[in-house]
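> Quick one: the structure is below, and I'll ask about it shortly.
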Amino acid sequence: MNQTKVAQRFILKQTSTIIKNRIVKSAMSEGMSTENHLPTNSIFRLYQAWAEGGAGLVITGNVKVDDKSLGEPRNIVLENDENLELFKKWAEIGTTNSTHLWMQINHPGKQVLKGVVDEAVAPSNVPFQPNLQRFFPKSRALSDIEIKEIIQRFANTAELAKRAGFTGVQVHAAHGYLISQFLSPKHNQRQDEWGGPVENRFRFLSEIYHAIRRRVGDKFPIGVKINSSDFMKTGFSEEESQFVISELDKLGVDLIEISGGTYEKAALFGKNAKPSTVTREAYFLEYAEKLKQKTSVPLVLTGGFRTLSAMNKALETGATDFIGLARPLALYPDYPNSLLENKASKLSIKPIKTGISFIDGKGLMELTWYSQQLNRIGKGKKAKPTFSPLLSLIITLFKNGKEVFQKRRV
Ligand SMILES: Cc1cc2nc3c(=O)[nH]c(=O)nc-3n(C[C@H](O)[C@H](O)[C@H](O)COP(=O)(O)O)c2cc1C
């Protein structure tokens with residue numbers, strides 16, 4: 001019998017969802033859609049590799065709920081059933097090998113880079129910090145009616161994902177996108193029912209949850225990815241995050257994924273992590289430990305896990321129920337199989353640096369370099385861990401132009 005904790009199955013009680021092991025492939029934006037934002041053969045090949053790779057739950061890269069609010073040129077969008085067949089094919093391939101495939105759904109709000117959309121929208125008209133203003137366009141505050149329309153868009157995309165055969169959805173409420181902007185006291189300065197105290201800032205996310213639940217029913221799992229903190233002085237704090245997660249637990253959310261940070265502070269990639277955190281691998285482990293004392297909602301802890309021993313330890317101490325992995329699975333899609341068979345060796349995953357500090361500090365190279373690896377797998381090739389970051393940057397600039405490089409997002 002396999003004694004490895006990561007190999008044990010888990011049941012999400014409310015929806016009676018059985019997940020065959022504790023490894024979750026976390027969302028990675030693929031940037032591989034057609035020009036019309038539909039799934040491609042490359043997407044199918046990539047998700048086949050992940051389904052065969054052994055993770056119990058695979059979460060897609062963020063799929064946009066509105067084609068007027070894209071993050072990047074090749075984002076996938078699901079807003080109507082005109083091409084549902086392609087999404088059905090994606091779901092069918094991604095759920096082979098008894099894999100759960102959940103669609104991550106997202107609206108970027110003002111975190112869209114210049115040139116991608118005509119007008120960025122946000123909870124309030126608050127600019128990004130000066131060194132990011134060169135990337136992001138000015139934004140305007142959403143009206144009450146527009147907020148309600150976006151809530152319905154999330155519900156619509158979730159229902160379409162269910163119809164296509166995805167086995168769950170994950171709402172992206174982390175990393176500085178629209179929901180995360182609503183949660184942040186820095187970016188949400190509204191005076192109405194959507195702003196002010198954390199109870200009001202949480203309203204947008206709770207209304208999205210209710211709207212989705214009404215459309216997908218009680219037996220379809222809904223997850224939420226959320227920041228442990230924005231790591232900004234006036235941003236969404238740890239205490240607020242704990243409050244929001246307790247409320248989500250009461251509402252009946254099936255699975256919470258913990259991450260942290262935004263473009264303003266790229267904590268999700270372990271930027272500026274303390275040495276003690278680096279030793280324990282998982283960037284947000286301490287936070288998960290605190291959270292587990294207060295709530296019983298099943299957790300995925302994501303960011304930094306690289307060894308089987310650290311994963312098993314986090315599971316055994318009860319700090320988390322699942323281990324979220326992103327970058328390792330962009331290089332080794334079958335890494336979960338080796339973990340499950342207890343044959344995995346320690347991964348050497350180094351920060352991706354070009355030596356140009358303006359670029360390296362923001363986590364942009366992590367996105368560019370790793371998405372090039374996803375593209376290789378989509379073409380049926382193996383990933384190339386030795387690929388030079390500088391060459392990756394040059395190729396990106398050459399192929400897509402400087403502007404598109406700036407459009408990479410998490
Ligand atoms: C290329 C790339 C794309 C990403 N896209 C998304 C995304 O669409 N949604 C999301 O929630 N996180 C995204 N992330 C963040 C990962 O899900 C994860 O939180 C982060 O990489 C830390 O986990 P790791 O240390 O296992 O890589 C992305 C990361 C990478 C490298």
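The values are calculated or read from the model by the stated rules, or taken from the named source; none is laboratory data. Worth saying up front: this structure is predicted, and the values here are computed from it rather than measured. Every residue, glycine as well, gets a Cβ built from its backbone with ideal geometry; the counts of neighbours run over all protein chains shown.
> Can you tell me which residue is nearest to the ligand (Cβ to nearest atom) among those in segment 41-59 that are in contact (Cβ under 8 Å) with a residue 60 or more places away in the chain and within 25 Å of His107 (Cβ to Cβ)?
Filtering first and then ranking leaves Ile59.
> Moving to a separate point now. Can you tell me which residue in segment 223-248 is farthest from Thr167 (Cα to Cα), limited to those that are of a type in the set (Phe, Trp, Tyr) and not in a helix (DSSP H, G or I)?
Top of the filtered list is Phe231.
> Follow-up question, since we're still on this one. Show the residue pairs meeting these rules: Cβ distance below 7 Å; 6+ apart or different chains; first residue within segment 341-353 and closer than 21 Å to Trp369 by Cα; second residue away from the ligand (no atom under 14 Å from the Cβ) and not hydroxyl-bearing (Ser, Thr, Tyr).
Hits for this filter: Lys353/Asp360.
> A further question follows. If I filter segment 7-38 down to residues being of a type in the set (A, V, I, L, M, F, W, C), closer than 15 Å to Leu101 by Cβ and in a strand (DSSP E or B), which single residue comes out as nearest to the chain's Cα centre (by Cα)?
Per the criteria, the residue is Val24.
> Separate question: Could you list, in sequence order, all residues of segment 3-40 that are over 21 Å from Glu341 (Cα atoms), within 16 Å of the ligand (Cβ to nearest atom) and in contact with a helix residue (DSSP H, G or I) (Cβ under 8 Å, 6 or more places away or on another chain)?
Met28, Ser29, Glu30, Gly31, Met32, Ser33, Pro39
> Between Ser228, Ser237, which is within 16 Å of the ligand (Cβ to nearest atom) and modelled with pLDDT of 90 or more?
Just a single option satisfies the conditions, and that option is Ser228.
> If Phe166 satisfies all but one of (1) surrounded by fewer than 24 Cβ atoms within 10 Å (Cβ to Cβ); (2) assigned to a loop (DSSP other than H, G, I, E, B), what's the number of the condition it fails?
Only one criterion in (1) surrounded by fewer than 24 Cβ atoms within 10 Å (Cβ to Cβ); (2) assigned to a loop (DSSP other than H, G, I, E, B) is unmet by Phe166, namely (1).
> Let me ask something else. Can you name every residue in segment 89-106 that is of a type outside the set (S, T, N, Q), in contact with a strand residue (DSSP E or B) (Cβ under 7 Å, 6 or more places away or on another chain) and either over 10 Å from Ala164 (Cα atoms) or assigned to a strand (DSSP E or B) (or both)?
Gly94, His100, Leu101, Trp102, Met103, Ile105
> Quick one: in segment 44-88, of everything that is out of contact with any strand residue (DSSP E or B) (no Cβ under 6 Å at 6 or more places or on another chain) and among the basic types (Lys, Arg), which residue is farthest from Lys343 (Cα to Cα)?
Lys68
> Quick one: count up the residues across segment 172-195 that are among the acidic types (Asp, Glu) and within 15 Å of the ligand (Cβ to nearest atom).
Residues in segment 172-195 being among the acidic types (Asp, Glu) and within 15 Å of the ligand (Cβ to nearest atom): 0 in total.
> How many residues does segment 307-328 hold that are more than 8 Å from the ligand (Cβ to nearest atom) and within 26 Å of Gln372 (Cβ to Cβ)?
Count: 2.
> Criterion first (within 12 Å of the ligand (Cβ to nearest atom), at pLDDT below 90 and either surrounded by 20 or more Cβ atoms within 10 Å (Cβ to Cβ) or aromatic (Phe, Trp, Tyr) (or both)) does Thr368 satisfy it?
Judged against the criteria, Thr368 is a match.
> Moving on to the next point. Considering only residues that are under 23 Å from Trp194 (Cβ atoms) and part of a loop (DSSP other than H, G, I, E, B), which ones fall in segment 130-144?
Answer for segment 130-144, where residues must be under 23 Å from Trp194 (Cβ atoms) and part of a loop (DSSP other than H, G, I, E, B): Phe136, Pro137, Lys138, Leu142, Ser143.
> Give segment 358-377 a look and list any residue that's among the hydrophobic types (A, V, I, L, M, F, W, C) and within 22 Å of the chain's Cα centre (by Cα), or say none.
Ile359, Leu364, Met365, Leu367, Trp369, Leu374, Ile377
> Out of all the residues in segment 332-364, which are of a type in the set (A, V, I, L, M), more than 10 Å from the ligand (Cβ to nearest atom) and at pLDDT 85 or above?
Of everything in segment 332-364, those that are of a type in the set (A, V, I, L, M), more than 10 Å from the ligand (Cβ to nearest atom) and at pLDDT 85 or above turn out to be Leu339, Leu340.
> Select, from Phe204, Phe220, the only residue that is away from the ligand (no atom under 14 Å from the Cβ), closer than 22 Å to Ile150 by Cβ and assigned to a loop (DSSP other than H, G, I, E, B).
Phe220
> Next up: Six or more apart or on different chains, Cβ atoms under 7 Å: show the pairs whose first residue is in segment 322-337 and more than 18 Å from Gly380 (Cα to Cα) and whose second is of a type in the set (S, T, N, Q) and near the ligand (Cβ under 8 Å from one of its atoms).
Every condition considered, the pairs that remain are Gly324/Ser26; Gly324/Thr302; Leu325/Ser26; Ala326/Ser26; Ala326/Thr302.
> Also: Which residue is nearest to the chain's Cα centre (by Cα), if the candidates are limited to segment 325-357 and must be under 16 Å from Phe269 (Cα atoms) and of a type in the set (A, V, I, L, M, F, W, C)?
Step by step, filter segment 325-357, then rank; the result is Ala326.
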